[in-house]
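The values are calculated or read from the model by the stated rules, or taken from the named source; none is laboratory data. Source: prediction; values computed, not measured. Cβ coordinates were reconstructed from backbone atoms using ideal geometry, including for glycine residues, and neighbour counts include every protein chain displayed.
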Amino acid sequence: MLNEMTIDKKRINKQFRHYVIPSMIAMLFSGFYSIVDGLFVGNSIGDAGLAAINIVYPIQVVLNATAIGIGIGGSVLVSIYKGEENEKEMNHSAILTIGMLLLFGIILPLFFLATKDVLLDFLGAKGAIFDGANDYITTILIGGMLPVLGNGLNPIVRNQGKPIVATRNMVAGLVTNIILDYVFIYKMNLGMFGAARATITAQGVVASLNIIYVIKLNRKTFDISFLKPDIEKIKRILKIAVSPFGQTLVPSIIIILTNWKCLEYGGDGAAAIYSVISYVLACAQLLIQGIGDGVQPLLSYYYGAKKDRELEYVYNKAFLLCAVFSIFLMLMTVVFSTKLAEYFNISQALMSETVLALKTTSFAYAFFGVTRVTSAYFYATNKTKFSNILIYIEPIVIAPMMLIVFTELFGLTGVWMAYPAIQILLSVLSLVFKSPNIEYKREISTESI
């Protein structure tokens, strides 16, 4: 039996590096788009500009989460069919995913444009913050198709065996964003509109490069039948997409909940502080999520090839890597918290509270990897029920509960303390789900779905 054979660790380690390192870099760069805007806006407009971008960030993330969810849903099928050595179905899944991204790239921006004023009010935008947020998000939504295609096709390019190409495309977009932010904000004084315009143009670069490469990869095996919708495949893609969609979206739901508490306990100043916190948190989360997304092609491949020992080896290796990076990021944030606050040009009146908030929330980093890698394991191996529980219990149950309890006890400081508590509870739940005692029950329940 395959499971009784000695696994080739050297080969798997090489594959691991080949997929995980580019994925971590790509995810980090994807988060830099809004962070770069924050750096330029913070230094040119100030606290109000930072708060405006942070308040509308959840709307952007819905676009990105939809794209990443569908992209990973399609890419999981690509990897499973690759493991089964079924090239036709692999390429059909890639083409079908492009069609789904195009459809959602039209529907979602139109919906958000139609409901924009209501959404901004719901998110807490008032006065000067409302004006800046409105300028920024309107421009983003007009070009909303571009981030959907750019982010959604990245997993497809990666899972077709080209993780370095996917990363290179993200780097090209980031460089474009930095250059255009400088030109539009500093040279042309376009303010929030300029920041959004730079982001959308950069996403257009990524989308174009990804589309060209996917077409190039699949043109030799393209069949006209690929353009015909396959309802069963669409259902499978959407079923898998629920987990990565939630994994990308949940931090933004937490941002909304936390913004409300910040405005309640500290006003606009606390919202500006949290904008810095959320940028730093996003970098840490995306880096760790990059490990989970990077191992997903390998997990899905070994799942499709029915190589269980290799599957568990890859999971354990990813878990260890996440632990190392999480602790490193926590220590770096604690040591350089003052410098991080200064980079965003936070006002001196808010500096001490910002440093305290950065240090307090950084303790959550040590627990990021447990949930991220375990969730990736479940959706990569078609056990979506359990990844969904891990992902969606956070914004629905755990986060609201922790924010209410800690703010009642500690006021504004309780907002920062709630985040580590949330991650600790999620980590415990993840380990319970992945424990060997539950593995057999999980297999039975998955097969019965």
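Listed here are the residues, each with its yes/no results for (1) under 26 Å from ASN43 (Cα atoms); (2) modelled with pLDDT under 85; (3) of a type in the set (Asp, Glu).
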{"residue": "ARG309", "(1), (2), (3)": "no, no, no"}
{"residue": "TYR315", "(1), (2), (3)": "no, no, no"}
{"residue": "SER337", "(1), (2), (3)": "yes, no, no"}
{"residue": "SER352", "(1), (2), (3)": "yes, no, no"}
{"residue": "ALA366", "(1), (2), (3)": "no, no, no"}
{"residue": "THR371", "(1), (2), (3)": "no, no, no"}
{"residue": "TYR379", "(1), (2), (3)": "no, yes, no"}
{"residue": "THR384", "(1), (2), (3)": "no, yes, no"}
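When both residues are 6+ apart or on different chains and their Cβ atoms are under 7 Å apart, which pairs have a first residue that lies in segment 160-179 and is in contact (Cβ under 8 Å) with a residue 40 or more places away in the chain, and a second that is surrounded by fewer than 19 Cβ atoms within 10 Å (Cβ to Cβ) and not acidic (Asp, Glu)?
As it stands, the answer is GLN160/LEU217; PRO163/HIS18, since those pairs meet every condition given.
Where the second residue is among the charged types (D, E, K, R) and the first is over 18 Å from LYS383 (Cβ atoms) and lies in segment 62-78, which pairs have Cβ atoms under 6 Å and are six or more apart or on separate chains?
Within 6 Å, no pair qualifies.
Confirm whether LEU329 is within 21 Å of SER278 (Cβ to Cβ), surrounded by fewer than 20 Cβ atoms within 10 Å (Cβ to Cβ) and at pLDDT 90 or above.
Details: within 21 Å of SER278 (Cβ to Cβ): yes; surrounded by fewer than 20 Cβ atoms within 10 Å (Cβ to Cβ): no; at pLDDT 90 or above: yes.
When the stated conditions are applied, LEU329 does not pass them.
Test ILE256 against the criterion of being under 21 Å from ALA364 (Cβ atoms), touching a residue at least 12 places away in the same chain (Cβ under 8 Å) and surrounded by fewer than 23 Cβ atoms within 10 Å (Cβ to Cβ), and give yes or no. Outline the logic, then answer.
On the way: under 21 Å from ALA364 (Cβ atoms): yes; touching a residue at least 12 places away in the same chain (Cβ under 8 Å): yes; surrounded by fewer than 23 Cβ atoms within 10 Å (Cβ to Cβ): yes.
So ILE256 passes the test.
Is there a residue being closer than 20 Å to SER362 by Cβ and buried (at least 21 other Cβ atoms within 10 Å of the Cβ) anywhere in segment 294-305? Give the steps one after another, and end with the answer.
We begin by selecting, within segment 294-305, every residue closer than 20 Å to SER362 by Cβ; these are none.
No - not one qualifying residue is present in segment 294-305.
Keeping to segment 65-121, report how many residues are surrounded by fewer than 24 Cβ atoms within 10 Å (Cβ to Cβ), in contact with a helix residue (DSSP H, G or I) (Cβ under 8 Å, 6 or more places away or on another chain) and polar (S, T, N, Q).
1
Among the residues of segment 395-426, which ones are of a type in the set (Ser, Thr, Tyr) and surrounded by 19 or more Cβ atoms within 10 Å (Cβ to Cβ)?
To start, the set of residues in segment 395-426 that are of a type in the set (Ser, Thr, Tyr) comprises 407, 413, 419.
THR407, TYR419, listed by residue number.
Contact list please: Cβ distance under 7 Å, first residue in segment 282-309 and outside any helix (DSSP H, G or I), second residue surrounded by fewer than 24 Cβ atoms within 10 Å (Cβ to Cβ), pairs at least six apart or on different chains.
That search, which allows pairs on different chains as well, returns ALA305/GLY83; LYS306/LEU2; LYS307/LEU2.
When you check ALA271 against the structure, is it in a helix (DSSP H, G or I), over 30 Å from HIS18 (Cα atoms) and touching a residue at least 40 places away in the same chain (Cβ under 8 Å), yes or no?
Details: in a helix (DSSP H, G or I): yes; over 30 Å from HIS18 (Cα atoms): yes; touching a residue at least 40 places away in the same chain (Cβ under 8 Å): yes.
Yes.
Restricting attention to segment 318-325, does a residue exist that is in a helix (DSSP H, G or I), modelled with pLDDT of 90 or more and closer than 24 Å to PHE40 by Cβ?
no
Quick check on ILE291: is it in contact with a Cys (Cβ under 8 Å, 6 or more places away or on another chain), hydrophobic (A, V, I, L, M, F, W, C), surrounded by 24 or more Cβ atoms within 10 Å (Cβ to Cβ) and over 22 Å from ILE389 (Cβ atoms)?
Details: in contact with a Cys (Cβ under 8 Å, 6 or more places away or on another chain): yes; hydrophobic (A, V, I, L, M, F, W, C): yes; surrounded by 24 or more Cβ atoms within 10 Å (Cβ to Cβ): yes; over 22 Å from ILE389 (Cβ atoms): no.
Considered against the rule, which asks whether it is in contact with a Cys (Cβ under 8 Å, 6 or more places away or on another chain), hydrophobic (A, V, I, L, M, F, W, C), surrounded by 24 or more Cβ atoms within 10 Å (Cβ to Cβ) and over 22 Å from ILE389 (Cβ atoms), ILE291 comes out as no.
Hey, among ASN13, ASN64, ASN91, which residue is under 30 Å from MET188 (Cβ atoms), part of a helix (DSSP H, G or I) and of a type outside the set (Lys, Arg)? First the steps, then the outcome.
Details: ASN13 fails: under 30 Å from MET188 (Cβ atoms); ASN91 fails: under 30 Å from MET188 (Cβ atoms).
From the options ASN13, ASN64, ASN91, the qualifying one is ASN64.
Check off (1) under 22 Å from VAL242 (Cβ atoms); (2) of a type outside the set (Ser, Thr, Tyr); (3) not in a helix (DSSP H, G or I) for ILE70 and give me the number that stays unchecked.
Condition not satisfied by ILE70: (3).
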